[in-house]
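Q: Mind having a look at this structure? Questions to follow.
Bear in mind these aren't lab numbers, they're just calculated from the coordinates by the rules spelled out. All of these numbers come straight from a predicted model, not from anything done at the bench. With ideal geometry, Cβ positions are generated from the backbone for all residues, glycine too; neighbour counts draw on all protein chains shown.
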Amino acid sequence: MANVTFSSPRMAKDITVYAIAGDRGTILALAKEHNIPIPFDCQDGNCGSCLVEVSHIYAPTKYSKYGIALTEEEKETLRQLGKISREEIYEAEVNDMPPRYRLACQCFVRNEDIMVSFVGDETLPVEKPHITRAAKIFKGGIRVETVDEFLGYAVKIEEDAADHFYGLAEGMKEGGNAEVAKLFYQLAGFSRLHLKEAKDRASKLDADVVIPPDYVWPDQATPERTSMMAADPAITKLEALKAALVGERRGYEFYLAIAETTGNPEVRDLAKSFAREESEHLKIIEASVTREEWLISTAGMADEATAAQ
Ligand code: FES
């Protein structure tokens with residue numbers, strides 16, 4: 001299997017498709033099969049309209065790429081387009097090394113992961129980046145109008161936050177940072193309580209909680225996640241608290257934005273109640289940050305006083 005990722009300003013987002021190695025299909029054939037808008041005309045390597053740039057996703061050295069036999073048509077057309085250098089022609093002829101630009105109708109998909117970039121039809125408008133509905137809601141750009149939808153998002157957020165904080169806590173514990181581990185276990189506990197509340201309410205309304213199929217959030221992260229993707233045992237308590245503060249604040253703002261924009265009174269009440277609870281967590285963390293900063297500054301003052309003696 002080979003992963004082939006297509007990227008173009010004429011596409012709202014990159015698309016990765018799987019090609020079966022050995023099919024000996026061209027990049028253009030694969031693109032057509034998946035409705036990827038690579039322009040083409042002759043399909044014989046003569047017109048150059050299917051020009052693409054091919055980069056290898058994993059190729060530690062240039063010689064770990066699959067060798068190629070560049071056809072005379074492709075070589076000549078690339079040369080006329082000014083898309084192949086003398087050195088690249090030498091590498092292709094002597095070492096079978098692929099050049100950077102290729103003609104999609106001449107280039108066969110091999111058993112390697114590649115990125116295929118192309119300009120596409122320049123008469124077509126450039127696509128704006130695809131933003132999922134979840135991302136728009138996260139950014140406050142869409143109103144949530146049904147209780148089921150609100151609960152669907154709340155379940156997803158709290159589930160993710162609970163797992164995330166629990167993972168951080170375990171990492172801290174393993175790394176011997178018990179103090180910060182305790183804080184993250186506590187935050188995981190908060191999220192689990194919220195999750196239970198959302199699930200309980202959801203089951204009363206509808207057994208099938210509505211979680212939209214495109215629930216993917218920006219950067220694959222729900223609002224309450226901190227920017228800490230992996231536990232760093234060397235992190236100080238203050239740093240961990242500040243990272244947690246960012247996540248909790250985003251969760252609070254998320255619920256507040258829904259409460260402020262929805263036209264459904266039931267959703268507004270629910271969102272307000274979730275925001276209220278988030279604000280309680282925020283206060284706890286803010287107080288901990290203040291206390292930690294005070295402890296650090298007083299410890300620093302004590303050190304200075306000892307040194308002056
Ligand atoms: S379609 Fe003409 S060169 Fe590929």
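Q: Would you please put 80-86, 28-34, 158-164, 40-46 in order of how densely packed they are, using the mean number of other Cβ atoms within 10 angstrom per residue and starting with the highest?
A: Numbers: 80-86: 13.1, 28-34: 18.1, 158-164: 20.4, 40-46: 15.3.
In decreasing order of mean packing, 80-86, 28-34, 158-164, 40-46 become 158-164, 28-34, 40-46, 80-86.
Q: Check residue 16: other-chain or 5+ apart residues with amide H under 5 Å from its amide H, H built from backbone geometry?
A: Residues meeting the criterion, in which the H sits 1.01 Å from N, are 6.
Q: Let me ask something additional. When a footprinting reagent is the concern and you count Cβ atoms within 10 Å, what order do 138, 108 take, fewest first? List each step's numbers first, then the result.
A: Values: 138 23, 108 16.
Neighbour counts put them in this order, fewest first: 108, 138.
Q: Mind sorting 18, 255, 185 by how few other Cβ atoms lie within 10 Å of their own Cβ, fewest first? Don't jump to the answer; show the numbers that get you there.
A: On the way: 18 12, 255 26, 185 16.
So the residues, fewest neighbours to most, are 18, 185, 255.
Q: Can you run phi through the Karplus equation (6.51, -1.76, 1.60; θ = phi - 60°) for the range 142-147 and list ³J(HN,Hα) in whole Hz, with x for Gly and Pro?
A: Rounded to whole hertz, the list is 9, 8, 9, 10, 10, 5.
Q: From Cα pairs below 8 angstrom and at least 6 apart in sequence, can you work out the relative contact order of the range 2-117, rounded to a whole percent? Mind showing how you got there, number by number?
A: On the way: 203 pairs, mean separation 47.5, N = 116.
This gives 41 percent for the range 2-117.
Q: How large is ³J(HN,Hα) for each residue in the range 281-293, as worked out from phi by the Karplus curve 6.51 cos²θ - 1.76 cosθ + 1.60 (θ = phi - 60°), to whole Hz, x for Gly and Pro?
A: 4, 4, 4, 4, 5, 4, 5, 5, 4, 4, 4, 5, 5
Q: Quick query: amide H of residue 42 versus all other amide H atoms, modeled in the peptide plane; which residues come in under 5 Å with a sequence gap of 5 or more or a different chain?
A: Under 5 Å from the amide H of residue 42: 47, 49.
Q: Right, something else. Under the rule a/c < 1.5 gives rounded, and otherwise a/b versus b/c splits prolate from oblate, where does the range 2-117 land using the Cα gyration tensor?
A: Working: a/c = 1.63, a/b = 1.18, b/c = 1.37.
It comes out oblate by the Cα gyration axes.
Q: So what are the ³J(HN,Hα) numbers for the range 153-163, from phi and the Karplus equation (6.51, -1.76, 1.60; θ = phi - 60°), rounded to whole Hz, Gly and Pro as x?
A: Running phi through 6.51 cos²θ - 1.76 cosθ + 1.60 with θ = phi - 60° gives 5, 4, 4, 4, 5, 6, 4, 5, 5, 4, 4 Hz.
Q: Work through the residues other than residue 238 whose Cβ is under 13 Å from its Cβ and net out their charges, Lys, Arg +1 and Asp, Glu -1. Each step should come with its number before you reach the end.
A: On the way: positive: 237, 242, 291; negative: 179, 239, 286, 292, 293.
Spelling it out: positives minus negatives among the neighbours equals -2.
Q: Quick one: order 47, 107 by neighbouring beta-carbon count within 10 Å, fewest to most.
A: Details: 47 15, 107 23.
Fewest-to-most ranking of 47, 107: 47, 107.
Q: Taking H as built 1.01 Å from N, whose amide H comes closer than 5 Å to the amide H of residue 25, not counting residues under 5 places away?
A: The answer is 109.
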